[in-house]
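Please read the structure below before turning to the comments.
The values are calculated or read from the model by the stated rules, or taken from the named source; none is laboratory data. Given the structure is predicted, the values throughout are model-derived calculations rather than measurements. Cβ atoms come from the backbone with ideal geometry, glycine included; neighbour counts cover every protein chain shown. Quick note on the areas: whole protein, heavy atoms, side chains included, nothing else; ligands and nucleic acids left out. Shrake-Rupley method; radii C 1.70, N 1.55, O 1.52, S 1.80 Å.
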Amino acid sequence: MIEGSLAVESQSASNHGIRGKQMALSEALRRSTSLAAGVVLLACVQGAASATDEFQGKWSSNPPRCEQVNGEVDVLTIMSSELEFYEVGCKLSKPERRRDEVRFAARCYKGGSPETSGTVVIRRLSPATIDLALHGFFWITETPEKFHRCAAR
């Protein structure tokens, strides 16, 4: 009888050891999945930032002037994940590079209008010149507008 109970206790301890290892493995897998999801999210955010790095700064529709003059000069400001010019603002995400341009999924607004989804395309024409086009927004033409990098001050 003592031998039988020792065998049962040994088997029970062995099962608890396996369950403990399974729980530890399950917890480690859950943590690594959360970590992987965080890395993917961070990569997406960094992807938008790195895609705009080369374009960050101020750009003008009239090179000698780098200040907003309504009806005459538009000044475009590109930041890591957004852009602004005149009454337009856009939040940029999901960059897709194609040859000489970068396309972004965007949520844009004009003046007091609500944000709507569309696409922003920035095309490099020269080191100091880009075209900016907004697609899918009813309040602006899809024709690209040319901007020149403002001189550093």
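Take the Cα of N70, step 7 Å toward its Cβ, do the same at E101, and the gap between the two points is 3.1 nm. Shown here: region 54-153, whose C-alpha atoms stretch 33, 33, 23 Å along the first, second and third principal axes, sorted largest to smallest. K146 contributes an accessible area of around 110 Å² to the protein surface, as traced by a 1.4 Å probe with all chains present.
Rounded to the nearest 0.05, what FRET efficiency is calculated for T116 and K146 with R0 set to 25 Å and r the Cβ-Cβ distance? Given R0 = 25 Å and the Cβ-Cβ separation, E is 0.55.
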